[in-house]
Amino acid sequence: MSLPRRTAGASTRPGAKAGPSPQDKKLQLDAFALDSAQQLSTNQGVLLSDNHHSLKAGLRGPTLLEDFILREKITHFDHERIPERAVHARGAAAHGVFKLYKPLSEYTTAGFLQLPEVSTPVFVRFSTVVGSRGSPDTVRDVRGFAVKFYTQEGNYDLVGNNMPVFFIQDAIKFPDLVHAIKPEPHHEMPQASSAHDTFWDFVSLMPESTHMLMWLMSDRALPRSYRMMEGFGVHSFQLINGRGQSHFVKFHWKPKLGVHAMAWDEAQKIAGRDADFHRRDLWEAIETGQFPEWELGIQVLDAARAGALGLDLLDATKLIPEELVPVIPVGRMTLNRNPENYFAETEQVAFHPGHLVPGIDFSNDPLLQGRLFSYTDTQLSRLGGPNFHEIPINRSLCPVHNFQRDGAHRQGIGRGRVAYEPNTLAQGAEFRVDGSAQGFQSQPQGIETPKLRAASQSFNDHFSQATLFWNSQSPAEKEHIVAAFRFELSQLESTEIRQRMVDNLAHVDLHLATRVASPLGIGAPDAVAAAGRLGFKNYPRGDTLAESPALRMVGNYPPDVHTRRLAVLVADGVDMAAVRRLLQELGEAGVQHRIIAPHLGYVGTATGRTLAVNQSFSSATSVMFDAVLVPGGAPSAQTLAQLGGAIHFVLEAYKHGKPICAVNEGVGLLATLGFSLSTTQPVALSVPTPGVLLADSHRAQEGEISQAFIHAIGLHRHWDRLNVDAVPA
Ligand code: HDE
């Protein structure tokens, strides 16, 4: 099957093919690669003889206005910054490919969803929502997950988030939501945080936000890595097949490495240690060939099935439980190339939920409808004019033909005098684009009357899915949600807002509300007080699921240790021989380790060898690692047990639920936690609390320690560990 190509009208990029045009290539060379020319020039290509001195009247005199070289350089510099995105300002991106598993012609005519042998190039930008461009990566926030597919039928953008629902049901409330969550206007604080009065004031008055608040207070808002997040298209879209039939569809991205979070305490510490934590993680994984992958999945259902579920698919505060409509895996996305230039690609990329290809259409979701306006509008000011589609990262790989003309920064050189249709002058015969069967077709559908400003009755249920989410969490995830609500609400100056919020939560679950309220210095949650306010309507609950296991993070993906970072804590006299095999097997499984010691350089091992040190305790911190190994060797263990940095390292890793394996004398470093190798009942391996392995290498069978440790690392975090709150780290 050959894919249709666009042919009508004048081309802005004649004969364009995948990859940069000769002109782009020249620009790339001219920009930074001086090695071929070895000489600087002005923007006009005029070679410079001196880039160190401005033109002055005499050696010690004033600079002359006529120095066009100085003025060009400074003027360009003065205009280097463009406005950051109003939301999602902080981001990181990568190139990759999407491959389909099998044709989806049953549901859609979209070309890139027909042919498994075609690789569709993609560019994906991940982001936080609230913070400014320079804010830390690890704040509690929703993450953007925007994918641009450069298909042979034009660009298709799937502009989603890492949470499947949203705060509001109607786009008209978006500016209010964003004003409420952004830093407060009088003093521009706090940065990149929802923990302040204006946000909770707004959401506590908008019960429709409650479901999304549960997600935001959950561990989903603290991803360990962009590579370990799910992605969701959020809204219902439509897939249209060759018979013109429409199915509603929800898009899902499922990460190969599983979905994993960090602890809140850890996220805050990382924000100070490495504000670029997620950006660096993505970059390094790709640079080292550990290409992140996601599976694209779809939930498809026709209108009748949607009605039977009792869910309104146009309400973006609701999801479709996977237990009711399974997610069908349809293809795989691999990110395999880092951008060459952050500004040119990651900053200038422009997504739009209305960049659709034939066979996919949007729905009447009133949140989505508003987005269809917003995204082009915002690029006009952010990217400086209507020709942002001509910026290399935004160009489609197939040719673009239309009669748009001119505008700021136009790149394409339109040929001839015809920039309208119908016409006869372009080809000597009548040309018109008027009802051809090819190309994008909007799916015909009825329109309701009368026109009015109101929401459908079916949008009134604001709590049942918040309750479903709560009921579906593992005990540890529930604890984290309670702690997150307490943290956020304790930051508020207004006790009224605190009270109002816990009154709302009483409609989700009274036990949750009571636990959140208990340390906040307010009254007991009062569901009746909340119910008296606007937005609390009795609505017959739709789905009757008691819980949806797919909504919890723990246990939903098979354990995978690829790219997990292990800290190996050593000092002089360390017994590396006893852990050499263990480290080798961990490496073969995909774990990357670094040696941490009291000083940089080398340490001497128990067998008189030298071991190169990667980091010292003065720069290394446990929050940069996923797991800890403490080898034996009495002198090494004794040195570490005297060192505050080493003790703090393991205490903190313990508190954050990270797997810790201590071998032989290395167990001594866990003495502060009350662990020791049992001398009365010697065993090869004991696990006194989840994820803590105390190993006696002399008794262990071959592979016994590594298997247990790899399994513990694969589970990622051991949240159900003993006495975590008592650990002073
Ligand atoms: Fe966005 N959103 N949004 N949004 N959004 C933007 O577009 C907007 C919404 C999302 O990496 C802006 O180019 C409105 C939902 C992502 O470049 C802006 C509404 C979802 C990104 C905008 C929403 C998203 C944006 C800011 C309510 C998940 C980053 C700069 C009607 C499905 C894309 C820009 C990137 C960015 C408007 C709600 C996802 C202002 C009006 C729901 C991932 O146009």
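The values are calculated or read from the model by the stated rules, or taken from the named source; none is laboratory data. All values derive from a computational prediction rather than experimental measurement. For neighbour counting, all protein chains shown are included, and Cβ atoms are generated from backbone atoms with ideal geometry for every residue, glycine included. Protein only, heavy atoms only, side chains kept; ligands, DNA and RNA dropped before computing areas. Shrake-Rupley method; radii C 1.70, N 1.55, O 1.52, S 1.80 Å.
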Enumeration of residues in segment 220-244 that are within 13 Å of the chain's Cα centre (by Cα) and either assigned to a helix (DSSP H, G or I) or more than 16 Å from the ligand (Cβ to nearest atom) (or both) = 220, 221, 222, 224, 225, 226, 227, 228
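Which of the following residues is small (Gly, Ala, Ser) and without any contact (Cβ under 8 Å) to a residue 60 or more places away in the chain: 316, 308? Lay out the reasoning, then the answer.
Numbers: 316 fails: without any contact (Cβ under 8 Å) to a residue 60 or more places away in the chain.
Only one candidate qualifies: 308.
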Test result for residue 254, part of a strand (DSSP E or B), more than 16 Å from the ligand (Cβ to nearest atom) and basic (Lys, Arg) | yes
In segment 673-687, what count of residues is obtained for those that are over 18 Å from residue 637 (Cβ atoms), out of contact with any helix residue (DSSP H, G or I) (no Cβ under 7 Å at 6 or more places or on another chain) and in contact (Cβ under 8 Å) with a residue 12 or more places away in the chain?
-> 2
Do we have residue 196 as more than 20 Å from residue 131 (Cβ to Cβ), open to solvent by less than 40 Å² (accessible area, probe 1.4 Å) and either away from the ligand (no atom under 16 Å from the Cβ) or not β-branched (Val, Ile, Thr) (or both) here?
-> no
Taking residue 141, is it among the acidic types (Asp, Glu) and in a strand (DSSP E or B)?
-> no
Scanning segment 373-391 for residues that are within 11 Å of the ligand (Cβ to nearest atom) and open to solvent by less than 40 Å² (accessible area, probe 1.4 Å) gives 379, 382, 383, 388
Within segment 172-187, identify whether any single residue is more than 8 Å from the ligand (Cβ to nearest atom), acidic (Asp, Glu) and not in a strand (DSSP E or B), and answer yes or no.
-> yes
Selected residue (criterion: most open to solvent (accessible area, probe 1.4 Å)) from residues of segment 645-660 that are farther than 18 Å from residue 572 by Cβ and not in a loop (DSSP other than H, G, I, E, B) = 648
Please go through segment 342-372 and pick out each residue that is without any contact (Cβ under 8 Å) to a residue 24 or more places away in the chain and either out of contact with any strand residue (DSSP E or B) (no Cβ under 9 Å at 6 or more places or on another chain) or within 8 Å of the ligand (Cβ to nearest atom) (or both).
-> 343, 372
Check off (1) in a loop (DSSP other than H, G, I, E, B); (2) polar (S, T, N, Q); (3) open to solvent by 50 Å² or more (accessible area, probe 1.4 Å) for residue 369 and give me the number that stays unchecked.
-> (1)
